[in-house]
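Asker: Sharing a structure, written as structure tokens. Questions coming.
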Amino acid sequence: MGRRKFWATYRNKLILAGILMAGVGGIYSLDNLFNLIYIQPRTIELPGSQFDNSLPLKPGDAFSIESATKLPNDFAVYNFEALNHNTLVLNRADSSYTGMKLSLLHLDDNRVKDIDSSVLYNTFSFWNSTLIYSRYRSNQTQETYAYDPVSGQKKRLLSDKAFLMNRVGDEMYIGFDGSTYRLFDLKTGKKEMLFTYEQLQEEIAKAAGIKAKDVYPISYISPGPDDHQAYMLVQLGEHSGIFRYSLKGNPDGTLLTKADEIVDFQVLKNGDLLVRGTVAHVQGLYRYHSRSGAYELLKQGPIWGVQIDEEQFRLAYLLGTDKQTNEVHVAYLQDTGLASDTVVYRNIDQFLKLSWKGDDLFVLGSSMDNSEIYRFTFRPW
């Protein structure tokens, strides 16, 4: 009876005290949670108002964005490739700014792991899931390594004076040492001379109908639809051109096209080319049809960067709208041009590069002191 009388007398007060204790405990729990978030910054989830995620999910019609994130860094990034949804391979300066480092960046926890130092700029790529890169030595000899991101093990593949290594097939690379172009087989370690710089000049000049002294081969080399050909960007006097040459047998080549200016290009599976530059005094993004030899204007205007996905169906490009603003576009590349051209983000500061990996589009902006990496994940159909 005493217990029942005590509960009846003080029931309301006990319930109120319990509510107050729960409220105070909840406030302290939230405070600890905010402190945890503050001391351990993570990738920023961009609000939906900054990109269009309300588009209908309809194959071939429009894009639907699943998520968008931004990762600010306190270091400059000069180049990158995506290993997977969460991991990037970076070219960045070392602390003394005397060379370039190769690093892994994990987007989920902002963790950075250095792979190697004294690496050559823009000479890394993936061979299956293995990272291939080159580094230099004091005796002017360059070394090319294979790095396994899973085990963390690296293996030296070859040593050569070639300071420009361009991937032209699953196992094949072209190296240039300042005077000679050679073909390297990473699987066997075999080296094969293709031609000298002077021989290449003469071959291109003959195809272009100009003097050899007016030909300047540029280091930008792209693989062809198969392992038997490579494509090179060349300067032809005041114009630009794209030269295709064989990697098997006779190295004689063909001057595919000539334009006012070609900044860069990508080879499609059917042999057509995506060309960023100026054709007939019109600046923009073009498709060069290899069968007809004609240019098709896909988008007019200052295109700062372009990248097509592995299936060569989704295309991303950055359009400069004026000196201060820009737009990240995605579109479907079709035989009739671009379809469902959509702006997904505006104003990437200090833009450098676009890159696809699966359903993820990565965008890099970087200054000399810091950088920002964006990841847009598009919902699969």
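Asker: Excluding ligands, DNA and RNA, what is the solvent-accessible area per residue of the stretch 85-182 at a probe of 1.4 Å, expressed in Å²?
Answerer: Working: 4530 Å² over 98 residues.
Heavy-atom SASA per residue in the stretch 85-182 reads 46 Å².
Asker: Compute, for V275, the solvent-accessible surface of its heavy atoms (probe 1.4 Å) with the complete set of protein chains present, and express it in square angstrom to the nearest 10.
Answerer: We get 0 Å² for V275.
Asker: Further, regarding this structure: Can you list, largest first and rounded to whole Å, the semi-axes you get for the stretch 281-381 by taking the square root of 5 times each eigenvalue of its Cα gyration tensor?
Answerer: Over the Cα atoms of the stretch 281-381, the ellipsoid semi-axes are 24, 18, 11 Å.
Asker: Taking H placed 1.01 Å from N in the peptide plane, check which residues at least 5 places from S118 or on another chain put their amide H under 5 Å from its amide H.
Answerer: M100
Asker: What is the gain in length, in nm to one decimal, between S95 and K269 on full extension, counting 0.36 nm per residue of separation less the C-alpha to C-alpha distance?
Answerer: Going from the current span to full extension adds 58.5 nm.
Asker: What base-10 log of the normalised intensity I(q)/I(0) is obtained for the stretch 195-237 from the Debye formula, alpha carbons as equal point scatterers, at q = 0.16, 0.21 Å⁻¹?
Answerer: Each listed q corresponds, in turn, to -0.42, -0.68.
Asker: Pop the C-beta distance of T87 and T321 into the FRET formula with R0 = 30 Å and round what comes out to the nearest 0.05.
Answerer: Computed FRET efficiency for T87 and T321: 0.40.
Asker: Also: Test of understanding: extend the Cα→C-beta vector of V343 to 7 Å, then name every residue of the stretch 265-297 with backbone N under 11 Å from that spot.
Answerer: In the stretch 265-297, the label zone of V343 (backbone N under 11 Å from the point 7 Å along Cα→Cβ) covers no residue.
Asker: So which of K190/K213; K258/K357; K323/K353 end up more than 27 Å apart, counting from Cα to Cα?
Answerer: In this structure, K190/K213; K258/K357 lie more than 27 Å apart at Cα.
Asker: How big is the stretch 176-305 by Rg and Dmax over its Cα atoms, in Å?
Answerer: 15.0, 47
Asker: A further question follows. What residues from the stretch 113-131 fall in the zone where the backbone N is under 19 Å from a label point 7 Å along the Cα-to-C-beta line of D148?
Answerer: 114-116, 125-131
Asker: Related question: Got a number for carbon plus sulfur as a percent of the stretch 139-287's accessible area, 1.4 Å probe? Please report the intermediate quantities before stating the final value.
Answerer: Details: 3220 of 7030 Å².
Result for the stretch 139-287: 46 percent of the exposed heavy-atom area is carbon or sulfur.
Asker: While we're here: So how far, in whole Å, is the C-alpha centre of the stretch 122-171 from the one of the stretch 224-270?
Answerer: Spelled out, the Cα-based centre of one part sits 24 Å from the other.
Asker: While we're looking at this one, here's another question. Could you work out how far apart the two model spin labels at H228 and E202 are, taking each label as a point 7 Å from the Cα in the direction of the beta carbon, and quote it in nm?
Answerer: With each label point 7 Å from Cα toward Cβ, the separation is 2.6 nm.
Asker: Which whole-number percent is the relative contact order of the stretch 234-286 (Cα, under 8 Å, 6+ apart)?
Answerer: 25 percent
The values are calculated or read from the model by the stated rules, or taken from the named source; none is laboratory data. Keep in mind that what you see is a predicted model, and the values were worked out from it rather than measured. As a convention, Cβ positions derive from the backbone with ideal geometry for all residues, glycine included, and neighbour counts pool all protein chains shown. Heavy atoms of the whole protein, side chains included, go into the accessibility calculation; ligands, DNA and RNA do not. Shrake-Rupley method; radii C 1.70, N 1.55, O 1.52, S 1.80 Å.
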